[in-house]
Structure formats: structure tokens, C-alpha cells
1. Return yes or no: is Trp128 touching a helix residue (DSSP H, G or I) at 6+ places or on another chain (Cβ under 8 Å) and without any contact (Cβ under 8 Å) to a residue 60 or more places away in the chain?
2. For His62, only one of the following conditions fails: (1) assigned by TED's automatic domain parsing to the domain that holds Met38; (2) surrounded by fewer than 18 Cβ atoms within 10 Å (Cβ to Cβ). What is its number?
3. Could you look through region 1-48, keep only residues that are within 16 Å of the chain's Cα centre (by Cα) and among the hydroxyl-bearing types (Ser, Thr, Tyr), and pick out the one that is nearest to Arg95 (Cα to Cα)?
4. Kindly indicate the residue of region 68-96 that is part of a strand (DSSP E or B), among the hydrophobic types (A, V, I, L, M, F, W, C) and closer than 16 Å to Trp30 by Cα and also nearest to the ligand (Cβ to nearest atom) among those meeting that condition.
5. Tally up the residues in region 24-67 that are assigned to a loop (DSSP other than H, G, I, E, B), among the β-branched types (Val, Ile, Thr) and more than 16 Å from the ligand (Cβ to nearest atom), please.
6. Restrict the check to region 68-87 and report whether at least one residue is open to solvent by 100 Å² or more (accessible area, probe 1.4 Å), over 29 Å from Val131 (Cβ atoms) and of a type in the set (Asp, Glu).
7. Examine region 21-33 for a residue that is within 24 Å of Glu105 (Cβ to Cβ), open to solvent by 40 Å² or more (accessible area, probe 1.4 Å) and touching a His at 6+ places or on another chain (Cβ under 6 Å), and state whether such a residue exists.
8. His84 fails exactly one of the following numbered conditions: (1) in contact (Cβ under 8 Å) with a residue 12 or more places away in the chain; (2) out of contact with any His (no Cβ under 6 Å at 6 or more places or on another chain). What is the number of that condition?
Amino acid sequence: MRATTLLNRVLDLPKTTVRDVEFGDKVTVWVRPQQRVMSCPHCDFRTRHRYDTRMVDSAWRHLDLSGRVCVLKLRRRRLRCPEHGVLAESVPFARPGSGFTRDFEDLAVWLAGKCDKKTVSRFCRVTWRTVGAMCARSGRETGPRPAGRAGRHRRR
Ligand SMILES: [Zn+2]
């Protein structure tokens, strides 16, 4: 089995294909989007038309692989959103404006609710300020908790 095939199965990234991999102090995985349609990271706008041929080199830290830092790299296409202007396309595996994948952020946010900041910071090998930003992004995505659930927790 090829290394890229193995990583496609292990990482299981949504609508993304592993193109190449490099093993060193960290695992660097080059990926490409499966869809021709690009979407704006800030709204629902979608288009097949690129703004230009310039690419935006981007990297996201993913969950560690066998104790090594794993970084996903992608050359993103640029699109022109009527509302937000010219920007790099969104990716299905990370929240807009984040240097971490959604899986990595979800793990850090979950841990932040279970243990102290020093533990989260050491376990994820990021600063506590970074964990705070992840919590904010995750909170914006899910929104405030429904009153019924919050009320139930208060009664206990
Ligand atoms: Zn937009």
C-alpha cells in the first residue's frame, strides 16, 4: 500500500485527497481539494471561477501522528466573493482564519472543558492563548447553548 493511500484512510479528511507526504521531525502531508467548486470562507458563496492563477500556500496543524507533529499543506486557489472580495478558498477540514484543523481544535476545546489550561497547553503543545482562540472559533460555530440545556446543568 502506498503511503498516500494509507494516509487518505488514516486521516479521513472530508472532501480532500492526500497528494504527497514527507516524514521528518514532523509529518508534512500535501493535500488537494476534491471539488472544483470553491467556496468563500465567510459566507455561502460558491463559484467555479478562479479570480487569478495566483495560489496561496497554507498550512494547518493536524492531530499528531505517532507522537510527531502533523502538518497539512495546501496551495489554495483565490476567488472573488461579491460580499467579501478576493480571498483564498475555504477548506472543509479547518475553520476560517485558523492554523489548525477542525479535529485538532475540537480536541483542544474538549480538553479545555475537562482540565486546567496548563495541561491542555502541554498536551496539545500550543500556548494557552491559542487554545482560547480555538474555543472562541468553536463557540462561534456552535453558537450559545440552548436555555433548556443550560438550565438543566444549573439545577444539578
Ligand atoms: Zn463571502
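The values are calculated or read from the model by the stated rules, or taken from the named source; none is laboratory data. Treat the numbers as computed from the prediction; the structure is a model and nothing was measured. So basically every Cβ, Gly included, is an ideal-geometry build from the backbone, and we count neighbours across all protein chains shown. For the accessible areas, the whole protein counts, side chains as well, though only heavy atoms, and no ligand, DNA or RNA atoms are used. Shrake-Rupley method; radii C 1.70, N 1.55, O 1.52, S 1.80 Å.
1. On the way: touching a helix residue (DSSP H, G or I) at 6+ places or on another chain (Cβ under 8 Å): yes; without any contact (Cβ under 8 Å) to a residue 60 or more places away in the chain: yes.
Here the answer is yes, as Trp128 does meet what is asked.
2. With respect to (1) assigned by TED's automatic domain parsing to the domain that holds Met38; (2) surrounded by fewer than 18 Cβ atoms within 10 Å (Cβ to Cβ), His62 is out only on (2).
3. Ser39
4. So the first thing to find is which residues in region 68-96 are part of a strand (DSSP E or B), and the list is 68-76, 78-81, 85-88.
From the residues that got through so far, the ones that are among the hydrophobic types (A, V, I, L, M, F, W, C) too are 69-72, 74, 79, 81, 86-88.
Filter once more, so that each one left must be closer than 16 Å to Trp30 by Cα: 69-72, 74.
Working: Val69: 32, Cys70: 29, Val71: 27, Leu72: 23, Leu74: 19 Å.
Here the residue is Leu74.
5. Within region 24-67, residues that are assigned to a loop (DSSP other than H, G, I, E, B), among the β-branched types (Val, Ile, Thr) and more than 16 Å from the ligand (Cβ to nearest atom) number 1.
6. yes
7. Within region 21-33, not a single residue is within 24 Å of Glu105 (Cβ to Cβ), open to solvent by 40 Å² or more (accessible area, probe 1.4 Å) and touching a His at 6+ places or on another chain (Cβ under 6 Å).
8. In the conditions (1) in contact (Cβ under 8 Å) with a residue 12 or more places away in the chain; (2) out of contact with any His (no Cβ under 6 Å at 6 or more places or on another chain), His84 misses (2) alone.
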